[in-house]
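The values are calculated or read from the model by the stated rules, or taken from the named source; none is laboratory data. Here the structure is a predicted model, which is why all the values come from computation and not from measurement. No Cβ is skipped: glycine too gets one built from the backbone with ideal geometry, and neighbour counts run over all protein chains shown.
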Amino acid sequence: MRKKKIRGHKRKWKDIENWRLDHLGLDLTDYLLNRQGYDYAKIRVSPWNGIVLQNSEIPQPKGKTKQKILNGLLDIYDDWKKQLDQLGQPYYLKLWLFEPRFSFSQVVCAIGDRIDYYEKLFYQPETSKKFSSVCYGQLKKRFQNFTWEYRLDEDHFENNFVSNPEMYATRQDYEDDIIWFEKMLKKPHRTEKFKEAIGETTEMYSFKRGIVWLGERQNK
């Protein structure tokens, strides 16, 4: 798999600033928050916007580019917190900081029934780790204003991941996925068995990809 080289960093910095500005000012009447009970600010800056080229790997942001993204996430968090504090009701607001899949990082908020969903979303291992702000350079002091919870970043697959051949374009694609899935299950993973089946799903397999720090700034 080839690694895609990132070019045009100054243009990326402008895009990052536009992304930051676009997410300042949480719309409390927005459909996602008002009707669905949640909202989020993902890193929507090319090439870290979820689009991956076939047979290529996009390097994670680093250096000044990473610092600018982190600054944007912190600004968005602080801005959303000011507005959510005015709601007069409980809410969930945390900065999800992924390592090493940094481009997955985002700010997430929720109200009502969705609070409990997000509080239980990530698996908490028995052995914990302590967050260190030392590696975040000039943003160190801002990170120290947060409390951080240690969780696992995992990819999840249901036991019936490749159960329906009709969903595939060709029989070969179906058989290739079966072989791939069988190889995956030989790797270390967690298995969660459901008390009650959800359709044909009876188990969930979770593969560790890294960690995610859940950051929350406390009221002074």
Q) Just one of the numbered conditions (1) surrounded by 12 or more Cβ atoms within 10 Å (Cβ to Cβ); (2) without any contact (Cβ under 8 Å) to a residue 24 or more places away in the chain; (3) among the small types (Gly, Ala, Ser) is not true of Gly137; which one? A) (2)
Q) From Arg114, Arg142, Arg151, which residue is closer than 30 Å to Gln89 by Cα, touching a helix residue (DSSP H, G or I) at 6+ places or on another chain (Cβ under 6 Å) and surrounded by 15 or more Cβ atoms within 10 Å (Cβ to Cβ)? A) Arg142
(Q) For region 176-210, give me the residue count where each residue is in a strand (DSSP E or B), at pLDDT 90 or above and either in contact with a Lys or Arg (Cβ under 7 Å, 6 or more places away or on another chain) or among the aromatic types (Phe, Trp, Tyr) (or both). (A) 6
Q.
Looking at region 57-106 only, could you name the residues that are crowded, with 21+ Cβ neighbours inside 10 Å and part of a loop (DSSP other than H, G, I, E, B)?
A. Pro61, Ser105
(Q) With in a loop (DSSP other than H, G, I, E, B), surrounded by 11 or more Cβ atoms within 10 Å (Cβ to Cβ) and either assigned by TED's automatic domain parsing to the domain that holds Val107 or of a type in the set (Gly, Ala, Ser) (or both) as the only criterion, which of Ser128, Ser163 stands out? (A) Ser163
